[in-house]
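Nothing in this text is a laboratory measurement; each read-out follows from the coordinates by a stated rule. Computed from a predicted model, the values in this text were never measured in an experiment. Here Cβ is always computed from backbone atoms with ideal geometry, including for glycine, and neighbour counts include all displayed protein chains.
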Amino acid sequence: TLINHNVRSKFKRVDNKAKHDTLETVGILTAFLNMLKQFFADIRFMAFCEFELYQKHGKDDGIFVSYLGFIENVVVINPEAIKTIMLHSITYPKYPLLLSSAFGDYASSFFGSNLAVIDGVEWRKQRHVINPAFYNLAKFYPAFEEHVDKFIKNVEHQKGPVNVPKNLANMTVDILGKTVLGQDFGAQDDKLNAIIDSYYFMMGNAFRPLYTVLPFLTKLPTKFNKDFNQHLNSFDDFIYDLIQKAHDKYKNGVDEQETLLDLMVKTQHEDSESKLDDKVLRDNTVLFFVAGHETTAVTLAFQLYRLGLHSEVQQKLYEEIIDVVNGDIENLSLDLLQEMDYMDAFIKESMRLHPPAQLPGRITAQDVTLCGYRIPKGTMVTPSIYGVHHSDVYYGQDVKQFRPERWLGEEAKKIHRFAHIPFSAGPRVCLGNNFSLIEQKLFLSKFLHKFIVKLQPDQINLERALDVNKDFAINVSTRQ
Ligand code: HEM
């Protein structure tokens with residue numbers, strides 16, 4: 001009770017927007033149980049834990065205090081407060097959790113110090129170098145198409161149910177390799193297996209809060225630690241090899257279209273103020289691996305799940321595709337993808353209910369007021385993407401229903417702009433959002449043109465549980 005009292009007294013009402021005298025705080029026992037749950041969970045599970053707590057303990061302010069491990073965490077579900085946080089990246093910089101390299105924990109040794117976690121001048125410098133790689137997405141279109149076609153061909157040759165998450169991840173990593181790193185990975189042809197295995201091993205383990213909070217565990221002479229370090233070394237060798245190839249390409253003056261990696265490597269050879277050294281290149285290449293393929297693969301897997309669940313939506317999408325390409329899928333182009341309104345609504349709705357990135361942590365750089373409460377400097381503040389997307393306060397009574405129509409016409413205008421933020425918003429908005437949206441639309445158009453998706457009877461409740469390592473098989477039949 002004393003601890004609770006202490007926590008509450010820190011977050012007091014300062015103006016009449018606040019509905020209660022202090023911010024609502026989850027009880028210390030609940031926090032402790034939640035912490036145990038989080039310690040052994042994958043970080044991706046934590047947003048569900050937080051939202052469950054909010055539903056049980058939060059009041060109707062859309063803001064409450066919870067815990068991330070031992071750290072007090074102000075979780076924000078109110079879209080006006082989310083807007084304030086997202087638009088003011090100097091007052092609310094990134095929470096430096098993943099920058100704890102001083103501890104030498106797994107998250108920082110794998111993920112490193114890249115664009116997504118740094119702030120200030122260094123962030124501006126890196127974003128300035130990396131941004132131009134995403135200016136002209138039309139140049140990526142042929143690579144998107146090649147790998148989507150390969151995916152479809154593989155499905156055509158497969159007998160029986162198709163396990164989608166892993167295969168989709170192979171497709172998206174091939175697309176990423178070709179477009180962003182300039183490499184043919186061949187994951188869809190089973191050529192990248194060892195590296196992908198290492199990658200998944202680290203993704204599955206590096207971000208476990210257990211190791212971030214108790215990093216000394218990573219130093220114990222256990223088999224697990226040995227395995228982790230082996231995987232890390234082989235993954236790093238692979239990345240440094242890609243970087244070396246980009247250096248060679250620069251020196252040989254190969255006149256090809258510049259990839260993101262080329263742009264980053266070039267800074268070292270030219271007398272530029274934005275020089276990025278090899279370690280920064282390595283850390284950003286890892287970032288692009290992490291941010292750039294699993295997110296889209298999981299999104300697509302959930303979309304196939306939704307299509308199987310809602311056959312009427314599938315039919316409407318199919319009709320729109322046929323209409324836009326005028327009956328011939330060979331006409332499909334980047335421009336035509338922009339004409340698919342129902343497709344846009346479908347993607348928005350699926351990313352609302354199944355956002356792959358959920359808790360973008362920030363820290364207060366000064367004392368602030370959010371929703372009428374005083375939040376002291378140095379507090380962790382986390383807009384809950386999952387929370388605001390699932391809140392009936394902002395989406396109404398049918399919040400749990402999958403209804404793309406809510407994103408069409410007048411109805412869409414009533415939804416708060418910051419109540420739908422799967423790619424975040426403001427200066428730290430996802431750099432790959434348009435890249436991913438084109439990938440999704442192209443995939444869905446070609447896939448639905450070819451196949452009808454059906455779920456298997458035991459797979460009607462996947463609401464929370466999908467990641468690229470989970471088995472999720474769908475039945476597909478070829479359209480006549
Ligand atoms: C469905 C797909 C994707 C989702 C849902 C997603 C989501 C996000 C979110 C929520 C953030 C911001 C986190 C924050 O505000 O703290 C972010 C940042 C970022 N994303 Fe994505 N992302 C996706 C795909 C991609 C792709 C395909 C790429 C690159 C090819 C990419 C590259 C990045 C980068 C570089 C950042 C850091 C930007 C910065 O801090 O300046 N993402 N993403």
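It is to be established whether one or more residues within the stretch 70-85 are buried (at least 18 other Cβ atoms within 10 Å of the Cβ), at negative phi and within 12 Å of the ligand (Cβ to nearest atom).
Among the residues of the stretch 70-85, at least one is buried (at least 18 other Cβ atoms within 10 Å of the Cβ), at negative phi and within 12 Å of the ligand (Cβ to nearest atom), which makes the answer yes.
So which of His310, His389, His354 is within 16 Å of the ligand (Cβ to nearest atom) and out of contact with any Ser or Thr (no Cβ under 9 Å at 6 or more places or on another chain)?
Working: His310 fails: within 16 Å of the ligand (Cβ to nearest atom); His354 fails: out of contact with any Ser or Thr (no Cβ under 9 Å at 6 or more places or on another chain).
Just one listed residue meets the conditions, His389.
Residues that are β-branched (Val, Ile, Thr) and in contact with a Lys or Arg (Cβ under 9 Å, 6 or more places away or on another chain): does the stretch 237-248 have at least one?
yes
Taking the stretch 171-197, which residues are aliphatic (A, V, I, L, M) and touching a residue at least 60 places away in the same chain (Cβ under 8 Å)?
Listed by number, the residues that qualify are Met171, Val173, Ile175, Leu176, Val180, Leu181.
Restricting attention to the stretch 153-165, which residues are surrounded by fewer than 18 Cβ atoms within 10 Å (Cβ to Cβ) and part of a helix (DSSP H, G or I)?
Lys153, Asn154, Val155, Glu156, His157
Can we say Val290 is under 30 Å from Asp248 (Cα atoms), among the β-branched types (Val, Ile, Thr) and surrounded by 22 or more Cβ atoms within 10 Å (Cβ to Cβ)?
Values: under 30 Å from Asp248 (Cα atoms): yes; among the β-branched types (Val, Ile, Thr): yes; surrounded by 22 or more Cβ atoms within 10 Å (Cβ to Cβ): no.
For Val290, the condition - under 30 Å from Asp248 (Cα atoms), among the β-branched types (Val, Ile, Thr) and surrounded by 22 or more Cβ atoms within 10 Å (Cβ to Cβ) - is not met.
So which residues in the stretch 253-269 are farther than 30 Å from Met351 by Cβ and either of a type in the set (S, T, N, Q) or near the ligand (Cβ under 9 Å from one of its atoms) (or both), if there are any at all?
Those that are farther than 30 Å from Met351 by Cβ and either of a type in the set (S, T, N, Q) or near the ligand (Cβ under 9 Å from one of its atoms) (or both): Thr267, Gln268.
Give me the residue from the stretch 270-296 that is within 15 Å of the ligand (Cβ to nearest atom) and assigned to a loop (DSSP other than H, G, I, E, B) and, out of that set, nearest to Phe201 (Cα to Cα).
If we take residues in the stretch 270-296 being within 15 Å of the ligand (Cβ to nearest atom) and assigned to a loop (DSSP other than H, G, I, E, B), then Leu276 is nearest to Phe201 (Cα to Cα).
Within the stretch 166-187, which residues are small (Gly, Ala, Ser), within 14 Å of the ligand (Cβ to nearest atom) and part of a helix (DSSP H, G or I)?
Ala169, Gly177
Could you please find all residues in the stretch 391-413 being surrounded by 11 or more Cβ atoms within 10 Å (Cβ to Cβ) and in a loop (DSSP other than H, G, I, E, B)?
Ser391, Gly396, Val399, Lys400, Gln401, Phe402, Arg403, Leu408
Restricting attention to the stretch 125-144, and to residues there that are free of Cβ contacts under 8 Å to residues at least 60 places away in the same chain and assigned to a helix (DSSP H, G or I), which single residue is farthest from the chain's Cα centre (by Cα)?
So the residue we want is Pro142.
Please determine, by comparing only the residues of the stretch 423-453 that are assigned to a helix (DSSP H, G or I) and among the aliphatic types (A, V, I, L, M), which one is farthest from the ligand (Cβ to nearest atom).
Leu448
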